[in-house]
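Scroll down for the structure; my scribbles are underneath it.
Rule-based calculations on the coordinates, nothing more; no lab input. Worth saying up front: this structure is predicted, and the values here are computed from it rather than measured. Here the Cβ is made from the backbone with ideal geometry for all residues, glycine too, and neighbour counts use every protein chain on show.
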Amino acid sequence: MCNSLIAFHCEWLYVPDLPESSVLAQHSMSELKTDSETVQKKARVGIVIWIVLGLIVLVWGAYWLLIAPLITENKFDPLNALFSGLAFWGVIYAILLQKSELVFQREELELTRGEVRGQKEQLAAQNRTLKQQRFENTFFSLLTLFSNIVDSLEIIRAARLGDPPSVFAKGRACFSLFATEFSGEYGKQQKAHEDWGHRTLCATAYDHFVNSRQAFVGHYFRTLYNIVKFIATSEVENKQMYMNILRAQLSSSELTLLFYNCISKYGSDKFRPLIEQFGLLENMDFSSLINQKHRELFNKSAFHSPL
């Protein structure tokens with residue numbers, strides 16, 4: 001049993017490697033594309049600057065050669081005009097450079113946001129993987145503990161009167177004997193209280209049965225309940241799949257005794273709602289019930305798994 005659980009555990013935990021090289025290649029191509037666009041934008045700004053400077057020099061030269069000789073009075077200083085024009089162009093150039101830098105900064109900010117967003121998504125995926133691994137480690141450890149509890153069960157009695165006591169039943173074979181003992185106790189209560197309903201008869205018979213077998217079934221059902229509760233209250237996805245794995249560990253006699261346990265005061269309040277929510281009695285052999293009308297004591301969801 002343990003070996004099969006461990007093998008299933010290893011198979012279930014296998015996760016294929018992520019295509020890291022593909023992700024890195026896409027990221028590098030994105031960076032190269034961004035650098036190329038930046039260089040092209042700078043080149044265009046430089047071309048515009050040189051064109052404007054050329055136009056200023058051309059206008060100044062034309063003025064100096066063609067218009068200045070015609071002016072008789074020195075009311076206009078071409079040199080001052082040139083430097084004023086250059087100063088004006090310097091202001092325009094500074095504005096253009098500032099605008100270009102703002103564009104570059106905006107693009108870099110968008111890239112940074114994209115990288116941060118990708119890192120957050122990657123971190124979230126890693127956290128989900130770690131939570132899944134922690135849950136599965138605990139779950140399969142609990143299954144191993146549960147299997148050990150079942151294997152440790154022993155009923156010791158003398159086969160015949162006068163014979164020394166010996167192991168009469170061991171492991172899951174004990175539950176067949178438990179189911180027989182409970183059926184006998186139910187018959188006694190039914191003869192003594194013919195006017196009682198099915199639920200009251202089942203609960204009372206189980207109380208008398210537990211008084212003699214508490215050392216065996218008490219630890220068993222407490223462990224089973226806590227495994228079911230652990231799955232139900234976890235944040236793991238696809239809880240039903242783990243419930244189905246747990247249900248597959250239960251024999252027909254165990255399911256029968258679980259059925260009547262959840263009718264009694266020991267399981268009706270906390271355990272039974274989980275049984276009905278996850279359909280843990282789906283594989284139950286109804287022929288093992290003392291009375292077929294006992295099926296009506298549970299919701300139909302208890303016998304049908306959602307998955």
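Pick out, from Ser147, Phe182, His193, the residue whose Cα sits farthest towards the positive end of the charge dipole of the stretch 145-197, with +1 on the Cβ of Lys and Arg and -1 on the Cβ of Asp and Glu. Positive-most Cα among the choices belongs to Ser147. Compute the label zone of Asn137 within the stretch 218-233: residues whose backbone N is under 18 Å from the point 7 Å along Cα-to-Cβ. Answer for this model: 231. Coupling constants for the stretch 194-204 follow from the phi torsions by the Karplus curve (6.51 cos²θ - 1.76 cosθ + 1.60, θ = phi - 60°), and in residue order they are 5, 8, 7, x, 4, 5, 5, 4, 4, 5, 5 Hz; glycine and proline get x. The listed peptides 254-262, 191-199, ordered by packing as a protection proxy, come out as 254-262, 191-199 (highest mean of other Cβ atoms within 10 Å first). Database remark: amide H of Ala169 closer than 5 angstrom to the amide H of Ile155 (H placed geometrically; neighbours at sequence offset of 5 or more, or on other chains; Pro and chain starts carry no H).
Starting from the Cα of Phe286, step 7 Å along the direction of its Cβ; do the same at Thr180; then give the gap between the two resulting points in nm. Result for the modelled spin labels: 2.6 nm. Overall, the stretch 150-307 carries a charge dipole of about 100 debye about its Cα centre when +1 sits on the Cβ of Lys and Arg and -1 on the Cβ of Asp and Glu, all other atoms neutral. Listed values for the stretch 101-107 are Karplus-derived 3J(HN,Hα) couplings in whole Hz (6.51 cos²θ - 1.76 cosθ + 1.60, θ = phi - 60°), namely 5, 5, 5, 4, 4, 5, 5, and x replaces Gly and Pro. Which is farthest toward the positive dipole end of the stretch 153-303 among Thr204, Pro164, Gln214, measuring Cα position about the Cα centre, with Cβ charges +1 (Lys, Arg) and -1 (Asp, Glu)? The residue sitting most towards the positive pole is Pro164.
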